[in-house]
Amino acid sequence: MGIKQARGDKGKCDKLVRQILLTQHDRCERCGSQEWLQVSHIISRRYSATRCDLDNVQLLCAKCHRRFTDWPREFSHWITDSIGSEVYDGLSAKANQVTKMDWTAEKLRLQKIYDDLTS
């Protein structure tokens with residue numbers, strides 16, 4: 001079935017996050033594979049406040065992404081090693097904030113980051 005794709009500016013934000021990650025990395029951040037690269041969210045993408053936070057996403061191959069989905073404790077250890085517990089705690093706090101996202105403003109913010117990376 002796959003992941004349901006968002007529409008409108010929210011969906012454009014998701015695409016921009018992927019473009020940014022692909023500009024910054026050309027391989028899986030865990031194993032180095034260049035096959036089937038996917039955006040992996042540390043805090044679930046269902047939380048709007050952290051959905052497009054670049055500290056909350058990593059580029060993983062489908063195999064590593066699946067492994068971390070199936071083995072959350074391994075993922076937890078890897079996240080702590082890769083971003084640190086302070087960053088993770090900050091993301092967790094941000095995710096729990098009840099805010100209404102302005103997806104148009106978020107799209108513009110991400111577009112600027114992408115443009116700066118590619119210019």
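Label-to-label distance, Val87 versus Arg18, with points set 7 angstrom from Cα along the beta-carbon direction: 2.3 nm.
Placing unit charges on the Cβ atoms only, positive for Lys and Arg and negative for Asp and Glu, gives region 23-85 a dipole magnitude near 240 debye about its Cα centre.
Projected onto its three principal axes, the C-alpha set of the chain covers 35, 32, 32 Å, listed from the longest axis down.
Here region 43-119 is treated with +1 on each Lys and Arg Cβ and -1 on each Asp and Glu Cβ, and its dipole about the Cα centre works out to around 380 debye. For region 18-28, 3J(HN,Hα) computed residue by residue from phi via the Karplus equation (6.51, -1.76, 1.60; θ = phi - 60°) reads 4, 4, 4, 4, 5, 6, 7, 9, 10, 7, 4 Hz, glycine and proline entered as x. By the count of neighbouring beta-carbon atoms within 10 Å, fewest first, Lys10, Lys100, Lys107 end up ordered Lys100, Lys10, Lys107. Placing a label point 7 Å from the Cα of Trp71 along the Cα-to-Cβ line, the residues of region 31-59 whose backbone N sits under 14 Å from it are 31. Under the convention that each Lys and Arg Cβ holds +1 and each Asp and Glu Cβ holds -1, the size of the dipole of region 1-49 around its Cα centre is about 280 debye. Across region 23-85, C-alpha contacts under 8 Å between residues 6 or more apart give a mean separation that, scaled by the residue count, equals a relative contact order of 32 percent. A straight chain from Thr99 to Ser33 at 0.36 nm per residue would run longer than the Cα-Cα distance by 20.1 nm. In this rough spin-label picture, where each label sits 7 Å from Cα along the Cβ direction, the Thr80-Asp116 distance is 3.2 nm. Each of Thr23, Ile42, Gly84 was placed along the dipole of region 23-85 (beta-carbon charges, centred on the mean Cα), and the one lying farthest toward the positive end is Ile42.
No lab work stands behind these numbers, since they all come straight from the coordinates. It should be emphasised that the depicted structure is a prediction, and the values quoted were computed from it without experimental measurement. Counting neighbours? That spans all protein chains shown, and the Cβs are built from the backbone with ideal geometry, glycine included.
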